[in-house]
Amino acid sequence: MDLLGLPALIGVITLAVLVTVVSLVVWKRLRGPAVVQVLQRLLLILLCQVTALAVVGVSVNRQYEFYATFGEFLNENSAQAAPPPQQQHVIDPPSAASTVKFVPYGNDGVRVATVSGPVSGIRAQVYVWVPPQYKADRTKRFPVVELLPGFPGPAHNWFTMMNVTKLMAQEANPAILVSVTTQVRSGQDADCTDLPGGPQVQTWVATDVRRMVESAFRTTRDRRGWATMGYSEGGYCAVKVAVQHPRDFSAAVSLSGYLTPTAPAVTRSPRLLAANDMLKVLGRRHPRVSLLAMATRQDAATAMDVSRLRSVAKSPTQVFSSILAAGGHNYGVWNAMLPQAVSWLTAHLSAA
């Protein structure tokens, strides 16, 4: 069943009206003991509320394109909740020079630490996963992929809602995965931007987190070994960090990401908006970075941004793209995109 089409919206509106009319007609015609009549009326009220909420849900879904079909909605809601961090053991990071303390998170080898960024002034959680080869060869340095979540959403969703560690572990030349908290103030959407008088989120992602990871793990320091990847707003953040920091990052992957800021904290300032609109930025300059932009035709807004990106980017910026035929704006779609995204990243990254 298509949830994005007009028939779905008309259907739930019709159902809500029908349930309301039927409830009014039968309200005083109910029979049986008083208790039974009360229960019947409560059921009618409940049905009216459920159908009204269905109208709101379908309307919001049509606007934001979360789920393209009812089956996609059911599969998405079967995902398990995120496990809480395990804090019974403290694990020192591999480098004695680092003072950051990591503790295990979940059962997949992921570790988490609260990191203070000396440049941005931000203090937030960072999640790290190292591939099995990391312990097998203690002299080898590894490339790194910084993972950026959507908004709203915690950084650990990359490891609890996505199959990224399993896919990366299967690669011949895997990378260290670093999932970064980007919602650093409760309820505030910064669009991964350094806000005047506010949090310096872009500096946090591009500078502070990178320096921490370099000091704590055996990573390459060459830009060719660093990349970003994100979904939804995280996709926008991934592209922006790579484009605006080409000396530090060489590649980025956007999974259903937009390219123009949407956060009010950015859009209300013409200067900030112009400086952070990636379509305008890439129209003016062309950094030496490789970008993979992925979307679905049913997620029309992000699919359109992929086409716009291809039209404005010029060499030496390289743009690769993939647009799936079906799918909304959700974890089921992003997991379907991940195998191609991970393979593309490892092919473009170098540990040299």
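The table below gives the values:
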{"read-out": "Single match in THR203, THR228 (criterion: in contact (Cβ under 8 Å) with a residue 24 or more places away in the chain and closer than 21 Å to ARG111 by Cα)", "value": "THR228"}
{"read-out": "Residue tally, condition among the aliphatic types (A, V, I, L, M), assigned to a helix (DSSP H, G or I) and in contact with a helix residue (DSSP H, G or I) (Cβ under 8 Å, 6 or more places away or on another chain), over segment 23-59", "value": "8"}
{"read-out": "Residues being polar (S, T, N, Q) and not in a strand (DSSP E or B) - total across segment 107-131", "value": "2"}
{"read-out": "Filter result (of a type in the set (D, E, K, R) and farther than 18 Å from THR302 by Cα) within segment 273-288", "value": "ARG284, ARG285, ARG288"}
{"read-out": "Test set (1) on the phi > 0 side of the Ramachandran plot; (2) modelled with pLDDT of 90 or more; (3) within 18 Å of the chain's Cα centre (by Cα) - GLY121 fails condition number", "value": "(3)"}
{"read-out": "One residue from ARG210, ARG223, ARG218, ARG247 being closer than 19 Å to ILE122 by Cα and over 17 Å from the mean Cα position of the chain (by Cα)", "value": "ARG210"}
{"read-out": "Residue list for segment 290-333, filter: modelled with pLDDT of 95 or more and aromatic (Phe, Trp, Tyr)", "value": "PHE320"}
{"read-out": "Residue that is polar (S, T, N, Q), under 30 Å from ALA301 (Cβ atoms) and either at pLDDT below 85 or not assigned by TED's automatic domain parsing to the domain that holds ALA326 (or both), where the choices are THR51, THR20", "value": "THR51"}
{"read-out": "Filtered residue count, segment 132-162, keeping only those that are more than 15 Å from the chain's Cα centre (by Cα), closer than 17 Å to ALA341 by Cα and outside any strand (DSSP E or B)", "value": "1"}
{"read-out": "Unmet criterion (only one of (1) more than 20 Å from the chain's Cα centre (by Cα); (2) within 17 Å of VAL144 (Cα to Cα); (3) not hydroxyl-bearing (Ser, Thr, Tyr)) for LEU291", "value": "(1)"}
{"read-out": "Check on TYR127, within 24 Å of VAL253 (Cα to Cα), crowded, with 22+ Cβ neighbours inside 10 Å and of a type outside the set (Lys, Arg)", "value": "yes"}
{"read-out": "Count - residues of segment 310-337 that are touching a Leu at 6+ places or on another chain (Cβ under 6 Å) and under 16 Å from VAL253 (Cα atoms)", "value": "5"}
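The values are calculated or read from the model by the stated rules, or taken from the named source; none is laboratory data. Worth saying up front: this structure is predicted, and the values here are computed from it rather than measured. Backbone-built Cβ (ideal geometry, glycine too); neighbour counts: all protein chains shown.
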